[in-house]
Ligand code: MN
């Protein structure tokens, strides 16, 4: 991992106060054969964009909210006015969760492995990499209906595997996401139909471990400060 790489992983609004699609770091077909190009294109350009459009529409008369990154907004939803809190939770969660999902994926040839520190934390928390992988896969596959499987860092610095429903973000309960698996059907249905377990297992071939490790480093620094 390059020592000087800095990515904030925060999604901020543009000068017009509108949230925008992040730059996709790979081509639509880069995740083949594990995720097909058509799924990536529709998921990114249509599904993710729609969450952003709906979020911006919800914030039309509350422009002060978009002065924060969507991640900061999700950390404390109680600051969002009642009338639009659910919209921000769902549409803002959709924007933040998908942004993280894209940043956590890469071509299989570039997947790499967890940093030394993250690998040590995984071993400490889950025993070994295979047990970690099994647990994250099981949690993701077992998510009822539409949702997400997560590897997060708790406020005490320990790793946690968790599941969230709909577009809920672990940020809203104080945990920092490191790695996420989208288990909404739109993430896999074109290629895998009902075979969610196969899609989830295949995700482990295309994890961008450099970005996941960087997020871990940043999360620990934030806890210390
Ligand atoms: Mn999705």
Exercise. At residue 85 and residue 108, where each label point lies 7 Å from the Cα along Cα→Cβ, what is the point-to-point distance in nanometres?
Worked result: 4.6
For this session: Could you calculate the contour length gain from residue 223 to residue 195, that is, 0.36 nm times the residue separation minus the distance between their Cα atoms, to one decimal place in nm?
Result: 6.3 nm
Problem set entry | Cα-based shape type of segment 1-115, given that a ≥ b ≥ c are square roots of the gyration tensor eigenvalues and the cut on a/c is 1.5 | prolate
Seminar exercise, completed: Rounded to whole angstrom, the alpha-carbon centroid of segment 111-174 lies from that of segment 176-225 at a distance of 9
Exercise. Using only Cα atoms, what is the ratio of the radius of gyration of segment 33-225 to 2.2 N^0.38 Å?
Worked result: 1.02
Exercise. Once all Cα-Cα distances of segment 55-117 are split into 5 Å bins that start at 0, what whole-number percent is in each one?
Worked result: 3, 16, 25, 18, 9, 9, 8, 8, 4, 0
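All of the numbers you see were taken from the coordinates with simple rules; none came from a lab. Just so it is clear, the structure is predicted and the values come from calculations on it, not from any experiment. Backbone-built Cβ (ideal geometry, glycine too); neighbour counts: all protein chains shown.
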